[in-house]
Amino acid sequence: MRQSINSKRIAIVAVVIVLLFWLIGWYWSLSPDTFDVRQRLKQNSPVENPTNIAGYTLTTTMIDVSETLLDKPGGYLSNDITPPGIFLDNMPAWEFGALEMVRDLALSMRKDFSRSQSQSIENPYLTKAHPKFNMDHKSWALPSSESSYSDGIELLKKYRDELANTRNTDSQFYTRADNLREWLKQVEKRLGSYSQRLSASVGSARLNTDLAGDSNAKQSSPVASQRVVKTSWWKLDDNFYEARGATWALLHFLKAVEIEFYDVLEDKNALVSLQQIIRELEATQQSVFSPMILNGSGFGMLANHSLVMANYISRANAALIELSELLNQG
């Protein structure tokens, strides 16, 4: 009898622990809400008229996005080695997508936005910040991912402070069309990759276009002229949430770009194009009411969340290409 009672107690405790972990995991897996870039800048900026300082808005938004990765409910989860974080995969995928966008922007800040020409000197803060964000996203010690990213954020804050100091001319940010275009080229490739991976959820036969029809071009190893591409069932939700995290971060960066490069975009008749891209990306952040990411077959009975996400990303990417062409015009 006593042994039976002890077994029941152990079973009840086990069920309570599992339920508790499930509730915590569900709460931690909620994606952060989008925020108003301009409003947050006004609330948190210690300087007057921060939008008049070149680079201040975009740098601040990059800091806010990076801090969200670390400070959201549950903190940074990708490198967790204890329950319930170790059992979660949707939020770590979301974090990685957002982190990739931060890394791309950090690279462009270092080599384009902060430099007047190819022979100019790199900004010392951005030179140190960029590799900090490239730390392995699953590193949990010596140093941990959070520690490295926090160091990168502090370096960005120092760079931003120098931008606000008009007496300091060492740190600069140039709102030129060619600088913006270089970053957009990186974003185009990133979105193109997400679109292809999401579209592969239903499987499709694809022709090999790697050499773009160039008869004289070569590649390191031969591949078939046609192949069937289909995402593993185990990777469907990871791809979806990675794309969702990337578009969440990009949405805020482009809202900052709209403020930062307003005059340049107006001059190039490209402002409306950017606003359309922002609208497409906002659609990627709609609430997912299904308890799981569905993978219906094309025109089948069930929805296919991956294809819906791919549609919004493809439209945003097409508009990005047009925007890049407008910026290239004199």
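The values are calculated or read from the model by the stated rules, or taken from the named source; none is laboratory data. Note that the structure is a prediction, hence the values are computed from the model and not measured. Every residue, glycine as well, gets a Cβ built from its backbone with ideal geometry; the counts of neighbours run over all protein chains shown. Side chains are part of the model used for accessible areas, which takes the heavy atoms of the whole protein and leaves out ligands, DNA and RNA. Shrake-Rupley method; radii C 1.70, N 1.55, O 1.52, S 1.80 Å.
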Seminar exercise, completed: Going through segment 62-94 in order, the residues found to be closer than 15 Å to Asn134 by Cβ and out of contact with any Asp or Glu (no Cβ under 9 Å at 6 or more places or on another chain) are Met62, Ser66
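So, in segment 244-258, exactly how many residues are open to solvent by 10 Å² or more (accessible area, probe 1.4 Å) and closer than 16 Å to Ala177 by Cβ?
Step one: filter segment 244-258 for residues open to solvent by 10 Å² or more (accessible area, probe 1.4 Å), giving 244, 255, 258.
So of that shortlist, the ones also closer than 16 Å to Ala177 by Cβ come out as 258.
Looking only at that region, the number is 1.
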Exercise. Would you say Ala200 is in contact with a Lys or Arg (Cβ under 8 Å, 6 or more places away or on another chain), modelled with pLDDT of 90 or more and surrounded by 11 or more Cβ atoms within 10 Å (Cβ to Cβ)?
Worked result: no
Exercise. Considering segment 285-311 alone, what residues qualify as being open to solvent by 50 Å² or more (accessible area, probe 1.4 Å) and among the hydroxyl-bearing types (Ser, Thr, Tyr)?
Worked result: Ser287, Ser297
Exercise. So Glu282 clears everything in (1) open to solvent by 30 Å² or more (accessible area, probe 1.4 Å); (2) among the acidic types (Asp, Glu); (3) farther than 24 Å from Asn90 by Cβ except one condition, right? Which one?
Worked result: (3)
For this session: Kindly check whether there is at least one residue in segment 167-176 that is open to solvent by 50 Å² or more (accessible area, probe 1.4 Å) and among the β-branched types (Val, Ile, Thr).
Result: yes
Problem set entry | Filter pass, Leu302 being more than 25 Å from Lys230 (Cα to Cα) and out of contact with any Cys (no Cβ under 7 Å at 6 or more places or on another chain) | no
Problem set entry | Residue satisfying all of: in segment 68-89; open to solvent by less than 40 Å² (accessible area, probe 1.4 Å) and part of a helix (DSSP H, G or I); modelled with the lowest pLDDT among these | Gly85
For this session: List the number of the failed condition for Ala129; all other conditions in (1) of a type in the set (A, V, I, L, M, F, W, C); (2) touching a residue at least 12 places away in the same chain (Cβ under 8 Å); (3) assigned to a loop (DSSP other than H, G, I, E, B) hold.
Result: (3)
Problem set entry | Hits in segment 8-35 (condition: without any contact (Cβ under 8 Å) to a residue 40 or more places away in the chain and of a type outside the set (A, V, I, L, M, F, W, C)) | Lys8, Arg9, Asp33
